[in-house]
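J.: For reference, the structure I am asking about is given below.
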Amino acid sequence: MKTILKLAFIVWIVLWMIFFIRELFLKNNFKDYKILLSRTLEGKQSYVTVDKFYELLSLCKKNMPEGSTYAFRVLEGNFDWSIYKTRAAYYLYPDVESDDPQFIIVYNEPNVMKEGYRIYGKLDDNRYLLNKIGSR
Amino acid sequence: METLKLLIAVCIFIFAGWNILYLISSKKNILCFWEKIFAAYGLGIGFITLEMLSFYFLRIKFSIGLIIIPWVFLFLINSVIYFKKGGRAADEIIPGSGGNIVLNIFLLSGIMIETIYAFFRALVKPMESYDAVAIYAIKAKALYLAGSIPGNFFTGTINLFAHPDYPLNIPLCETFIYLFLGSLNDQLVKIIFPLYFAGLLGLLYFVIRRFAGRTYALLFTFLLAAIPQFNAYATNGYLDLPLAYYCFASAVFLFIWFEDTSKAGLLFISAVMAGLAGWTKNEGLMYCIINISLIAIFFVTNRKKGLVKRYFIYLSSYIFTIFAISLPWLWIKVSAHLVNSEINLSNLTPWYILSQYRRVWPIIYEFQKQFLGPKKWNIIWMIFIFLLIVKFKKIFSKDIRYATLFIFFSFGGYVLIYMITSQDLAWHLSSTGSRFLIHFLPVVIYWMALLLKKDLDI
């Protein structure tokens, strides 16, 4: 029994070291940590939300009055939109999502124009904010 | 300056918890100094957040001063007790020491590396993982911005967020830290999670030290600290590790009380921790039921003439304590119609469960995947299964049977949840399977320590 337990402990230590190093280096975490350590809190929030998307959220924060309603128009492409949408909802609160929004936040999708809305703020052709005419 | 404020906030949690523990154990000291410190952290958080919830009923706004006042008052009462007794009662004595010095240094280094790394990983990023943001941090932000729990919070605002029925222990703890910092710093607030991790490791170490030497206790503490999945959940803002902390504390103090029923304070601490498990995650209520079942089994198997009345008082006090802690939140849930979207309790009938027999195979497959996958768990579950088989005759011996039952009941409870879930089973299994195992993992490690104490003479 003792020998088996000793062997299990050795296997444990070997696996522990492998997974520790893998976690740090192979999963790109080391690169992330290096970048994160050089940033302010807002810079870190921007990094975890994708800088380009966070810039758009900052524009929205600046332009949408507190307690506004919004909806997203996003061409998802090959990124996991659900997590970024969740983070966006968190950063934008107390502005909340709605089916009949005052604002439409457009990301990654050019030439979106919905009837009754006008461009209210723009970073570039793929990132802009639409506002319901007469809502503000 | 913010870091200093953060540390003071953490000290307030420990201060509150310590005073509660002092009051519980003022007659007979039942914990050693460090056990008290590690238990005080979670206890303090739980009671301060319950106090903040009481502000909702009293319709008052959050203020740091108001939140702290009752704990200062309790401190004064404890001071009177202290001076009346003429000093401090002796701490619980932890026997044995020494051991293999080289191995001690190695194991301690491993624990330190894992703990420091957990703090680093938690604090290098702001809140960003899915549930941490969508379920908990957004509620904490809403409460901080409101400066109170508004009257319409549970009937209105909370429905904007995912899982409005989830308890508010950790969101309110985050709100408390924001209030203390005076800003919404969702990076620093994450310190609460690695502190739960450190608290759990500390508790594990000292409860093992009650029956074994330093090297032995360090070995099992290291095993827990070095499990990748366990460490990762100390950093991501999910509540599975805080829940594991409360489940472990409630279970382990109960097991120790089974050994010596004269220390009623331990039973009370166990009940409080179980109640706080329910106040942290809905799954915590399952652990309350498990603990109550274990006490009932203990009373039935140890019934002696003349003790029935006392046992009845113990059991009803345990249930009452859990109920008293859970009542405010249950009241809110019922009155605001906050319903769980995953579990429909009306499915909890033998016929429904039997009709879902096809679910057994995917459940077994998921557990098998977890048990045999070393990436998340190293080989802990393989060792567990090996010990279950090899030591089958011993796992129901007097000093270990309750830990064994606790583990079996936990497994059984989660299998039951999967049998009655109203979610898509494949999705539910893949999103929760590995997290559920975290909840009772520390008890599994403690169980191993109990089981192997005669095999390993270190």
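Bear in mind these aren't lab numbers, they're just calculated from the coordinates by the rules spelled out. In this text the structure is predicted, and so the values were computed from the model without any measurement. Glycine gets a Cβ as well: all are built from the backbone with ideal geometry, and neighbour counts include every protein chain shown.
J.: Counting Lys +1, Arg +1, Asp -1, Glu -1, what net charge surrounds residue B:166 among other residues with beta carbon under 9 Å of its beta carbon? Walk me through the intermediate numbers first.
T.: Details: positive: B:139, B:281; negative: B:165.
With Lys, Arg at +1 and Asp, Glu at -1, the net is +1.
J.: So what is the relative contact order of segment B:298-454, in percent, for Cα pairs below 8 Å that sit 6 or more residues apart? Could you put the intermediate results ahead of the total?
T.: Numbers: 76 pairs, mean separation 45.1, N = 157.
Relative contact order of segment B:298-454: 29 percent.
J.: Using the alpha-carbon atoms, what tilt in degrees (0 to 90, nearest 10) does helix A:2-21 show relative to the longest principal axis of chain A?
T.: Helix A:2-21 sits at roughly 30 degrees to that axis.
J.: Label point 7 Å out from residue A:35 along Cα-to-Cβ: which residues of segment A:82-121 have amide N under 16 Å?
T.: A:84, by backbone N distance to the label point.
J.: Counting only other residues whose beta carbon sits under 12 Å from that of residue B:340, what net charge do I get with K and R as +1, D and E as -1?
T.: Numbers: positive: B:281, B:333; negative: B:165, B:283, B:342.
Result for the local shell: -1.
J.: Still on this structure, I have one more. Restricting to bridges with both residues inside the protein assembly as shown, how much of the DSSP beta-bridge set is antiparallel, in percent to the nearest 5? Please list the in-between numbers first.
T.: On the way: 12 of 19 bridges.
DSSP beta bridges in the protein assembly as shown are roughly 65 percent antiparallel.
J.: Under the Kirkwood approximation for Rh and a Cα-based Rg, what ratio Rg/Rh is obtained for segment B:50-206?
T.: Values: Rg = 20.4 Å, Rh = 18.9 Å.
Looking at segment B:50-206, the ratio lands at 1.08.
J.: Determine the distance separating the Cα centre of segment A:12-40 from the Cα centre of segment B:141-160; give it in Å without decimals.
T.: Result: 38 Å between the Cα centres.
J.: Enumerate the helices in chain B for which the Kyte-Doolittle hydropathy averages 0.0 or more and the C-alpha atoms extend at least 24 Å along the helix's axis, using complete DSSP H runs.
T.: Numbers: long enough: B:2-24 (33 Å, 1.88); B:33-58 (36 Å, 1.20); B:64-85 (32 Å, 1.77); B:101-124 (33 Å, 1.89); B:192-209 (25 Å, 1.83); B:240-259 (28 Å, 1.31); B:283-301 (27 Å, 1.89); B:308-335 (37 Å, 1.04); B:401-420 (28 Å, 1.47); B:425-451 (36 Å, 1.19).
What comes out of the filter, once short or polar helices are dropped, is B:2-24, B:33-58, B:64-85, B:101-124, B:192-209, B:240-259, B:283-301, B:308-335, B:401-420, B:425-451.
J.: Net charge near residue A:113, counting Lys/Arg +1 and Asp/Glu -1 over other residues with Cβ under 13 Å of its Cβ? Mind dumping the intermediate values first?
T.: On the way: positive: A:73, A:114, A:118, A:122, A:132; negative: A:109, A:115, A:125.
Computed value for this residue: +2.
J.: If you look at just the Cα atoms of the protein assembly as shown, how large are its Rg and its Dmax in Å?
T.: Reported Rg and Dmax, both Å: 25.2, 83.
J.: Right, here's the next one. Alpha carbon centre of segment B:1-60 versus segment B:199-252: separation in Å?
T.: Taking the Cα centre of segment B:199-252 as reference, the centre of segment B:1-60 is 19 Å away.
J.: Can you tell me how much longer the chain between residue B:105 and residue B:72 gets when fully stretched, taken as 0.36 nm per residue apart minus their C-alpha distance, in nm with one decimal?
T.: Details: separation 33, 0.36 × 33 = 11.88 nm, distance 3.98 nm.
Going from the current span to full extension adds 7.9 nm.
J.: If you build the Cα gyration tensor of segment A:39-132 and take the root of 5 times each eigenvalue, what three semi-axes come out, in whole angstrom, biggest first?
T.: On the way: eigenvalues 79, 46, 31 Å².
Equivalent ellipsoid semi-axes, largest first: 20, 15, 12 Å.
J.: Give me the count of lysine pairs in segment A:11-66 whose alpha carbons sit under 20 angstrom apart, restricted to pairs 8 or more positions apart or on different chains.
T.: 10
J.: Enumerate by residue number the trypsin sites (Lys or Arg not before Pro) in segment A:14-115 meeting two conditions: DSSP loop (anything except H, G, I, E, B), and at most 14 other Cβ atoms within 10 Å of the site's Cβ. It would help to have the intermediate numbers written out before the result.
T.: Working: sites: A:22, A:27, A:31, A:34, A:39, A:44, A:52, A:61, A:62, A:73, A:85, A:87, A:114; in loops: A:27, A:39, A:114.
Counting only loop positions with at most 14 other Cβ atoms within 10 Å, the trypsin sites (Lys or Arg not before Pro) in segment A:14-115 are A:27, A:39, A:114.
J.: Report the Cα centroid-to-centroid distance between segment B:387-414 and segment A:61-136 in angstrom, as an integer.
T.: Centre-to-centre distance over Cα atoms comes out at 54 Å.
J.: Which part of segment B:380-395 falls in the paramagnetic zone of residue A:26, meaning amide N under 19 Å from the point 7 Å along Cα-to-beta-carbon?
T.: B:380
J.: Helix A:51-63 versus the longest principal axis of chain A: what is the Cα-based angle in degrees, 0 to 90, to the nearest 10?
T.: Tilt of helix A:51-63: around 40 degrees.
J.: Amide H neighbours of residue A:120 under 5 Å, at least 5 residues apart or on other chains, H built in the peptide plane: list them.
T.: A:129, A:130, A:131
J.: Check which residues have an amide H placed less than 5 Å from residue A:73's amide H, if you skip close sequence neighbours.
T.: A:105, A:106, A:107
J.: Order of A:96-107, B:301-312 by packing, highest average Cβ count within 10 Å first?
T.: Working: A:96-107: 18.2, B:301-312: 10.4.
Peptide ranking by packing, descending: A:96-107, B:301-312.
J.: Which distance in nm do the two modelled labels at residue A:11 and residue B:60 give, with both placed 7 Å along the Cα-to-Cβ direction?
T.: 5.8
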